[in-house]
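The values are calculated or read from the model by the stated rules, or taken from the named source; none is laboratory data. Everything numeric in this text was worked out from a predicted model, so none of it was measured. Using ideal geometry, Cβ is built from the backbone for each residue, glycine included, and neighbour counts are taken over all protein chains shown.
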Amino acid sequence: MNVATVPVLPTEPGPDPHRMYAEMREKHLVLLTREPNGLRRWLVLGYAEGREVLADARFSKDPGLAWDQLRDAGYVTGERDQRANYLYHLANTDPPAHTRLRRLIGPAFTSRRMEQLRPRVRQIAERLLDQLEPLSTVDLVDSYSHRLATTVMCEILGVPDLDRRSFRTWATAMLTAPEAAVDGAMGKAEGYAAMRSFFAELIVRKRDALGAGPRDARPDVLTTLMEAREDTNPLTEIELISTAMLLMSAGQEPTVNLINNGVLALLRHPDQLALLRRETELIAEAVEELLRYDPPVQLSTMRVAMRDVEIAGTVIPAGSVVAVALASTGRDSRQFADADRLDITRSDSAHLAFGHGIHHCLGAPLARMQGQVGIAALLRRFPDIQLGCRPEDLRWRPTRIMRGPVELPVRLGSTPG
């Protein structure tokens, strides 16, 4: 395929990326695209095809297999053998290393353990809502969703209050597409380095605390991981730091976007919003439908084809960078009836928003629970909430991976009597 004929995948697809994906999907279920930074990325657009790729062992999660391509595009720096310094975690490893890491980390994020946190998450949400003035206009991202997700994740990991202010800056730098970086703003490598340094120092402080006194009855997740063993084989220092960075970023950003995208979709569909207000017990089903309709993660994490692989009649060459377009799979009419319609009572909402296979998102139970609590608490407190701007005026995060507005202005109604 000639480079000139390869469609360019925009940095910021804008208010309606689903139209772009629909046009692509009508012609191809697997498509080679080019990013403005030069990276050529194969996109898998269909639901069945995406589900297949996400569980296919012929696609590796090791970024080292495409290091030169990623470095030329600005996604990574340094040499291939330096990748473990900040990229060695669950999302970037294959079995058997991935199997070992998952066994060590998984027990800290079971559905049962996350469900036990629901009362605390509800308490945090209510406290944040107490700080909002009725009848005012606020940015839901800054005043609510980001504070909720960051506070919850910091409490789970055991990050002190004093250390939470910089995470948004670091995460934004790490997720911003290379060609969208603004002069003077923190760059991707700088964001990685800052967060890595922070967690390295925090782990030292926690290790000193463990040696100085008795063990807490309910230790935080980071302390639990520091003590985790598999056949006397603990997590290494690099694994601990990389895992902490992954958990903080993946546990924060998708949840923020889930709440914001979900609230926006409901405000733009008054019939579904009214239904959810009447039948509040539908919140779990509503969150699943919102995850399908406008997922917080638009593209899956990167994979590399280890050999030529044929998907839907298209051969993806060995060494190619591949991603599943999760935003596209959720609107595939071959899988979902009336796929472009938001329906919180939908029975066929088995989406791929959290992935599939051995790399299915470890934090999915936590994200689901926070989405349910965060959206339900907001609508209960401010039942007359309205969008504070035109949808087309919203600015979207300059990243192809995550999907969410930079700000979400909303007009708060009066609180219920």
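Say whether the condition of being among the basic types (Lys, Arg), in contact (Cβ under 8 Å) with a residue 60 or more places away in the chain and over 11 Å from residue 259 (Cα atoms) is met by at least one residue in the stretch 378-387. Yes, the stretch 378-387 contains a residue that is among the basic types (Lys, Arg), in contact (Cβ under 8 Å) with a residue 60 or more places away in the chain and over 11 Å from residue 259 (Cα atoms).
Quick check: is even one residue across the stretch 355-364 part of a helix (DSSP H, G or I), of a type in the set (A, V, I, L, M) and surrounded by fewer than 18 Cβ atoms within 10 Å (Cβ to Cβ)? Yes - at least one qualifying residue is present in the stretch 355-364. Out of the stretch 114-126, which residues are surrounded by fewer than 17 Cβ atoms within 10 Å (Cβ to Cβ), under 13 Å from residue 368 (Cα atoms) and modelled with pLDDT under 95? Matches in the stretch 114-126: 115 only.
Checking 68, 56, 142, 94 one by one, the residue that is assigned to a helix (DSSP H, G or I), within 22 Å of the chain's Cα centre (by Cα) and among the acidic types (Asp, Glu) is 142 and no other.
Any residue at all in the stretch 67-89 that is buried (at least 17 other Cβ atoms within 10 Å of the Cβ), among the hydrophobic types (A, V, I, L, M, F, W, C) and closer than 21 Å to residue 228 by Cβ?
Within the stretch 67-89, one or more residues are buried (at least 17 other Cβ atoms within 10 Å of the Cβ), among the hydrophobic types (A, V, I, L, M, F, W, C) and closer than 21 Å to residue 228 by Cβ.
Residues that are surrounded by 16 or more Cβ atoms within 10 Å (Cβ to Cβ) and either β-branched (Val, Ile, Thr) or under 19 Å from residue 256 (Cβ atoms) (or both) within the stretch 195-211 comprise 195, 203, listed in sequence order. Determine whether residue 255 is within 25 Å of residue 192 (Cα to Cα), surrounded by fewer than 24 Cβ atoms within 10 Å (Cβ to Cβ) and touching a residue at least 12 places away in the same chain (Cβ under 8 Å). No, not satisfied. If we keep just the residues of the stretch 328-354 that are in contact with a Phe, Trp or Tyr (Cβ under 6 Å, 6 or more places away or on another chain) and of a type outside the set (Asp, Glu), which is nearest to residue 35 (Cα to Cα)? My answer is 328.
Only a single criterion out of (1) surrounded by fewer than 20 Cβ atoms within 10 Å (Cβ to Cβ); (2) in contact with a helix residue (DSSP H, G or I) (Cβ under 7 Å, 6 or more places away or on another chain) is not satisfied by residue 384, namely (2).
Selection of the stretch 395-406 for residues being closer than 16 Å to residue 143 by Cβ and either surrounded by fewer than 19 Cβ atoms within 10 Å (Cβ to Cβ) or not small (Gly, Ala, Ser) (or both) yields 405, 406. Pairs meeting the criteria (first residue in the stretch 205-226 and closer than 14 Å to residue 108 by Cα, second residue among the polar types (S, T, N, Q) and modelled with pLDDT of 85 or more, beta carbons under 7 Å, at least 6 apart or on different chains) are 225/243.
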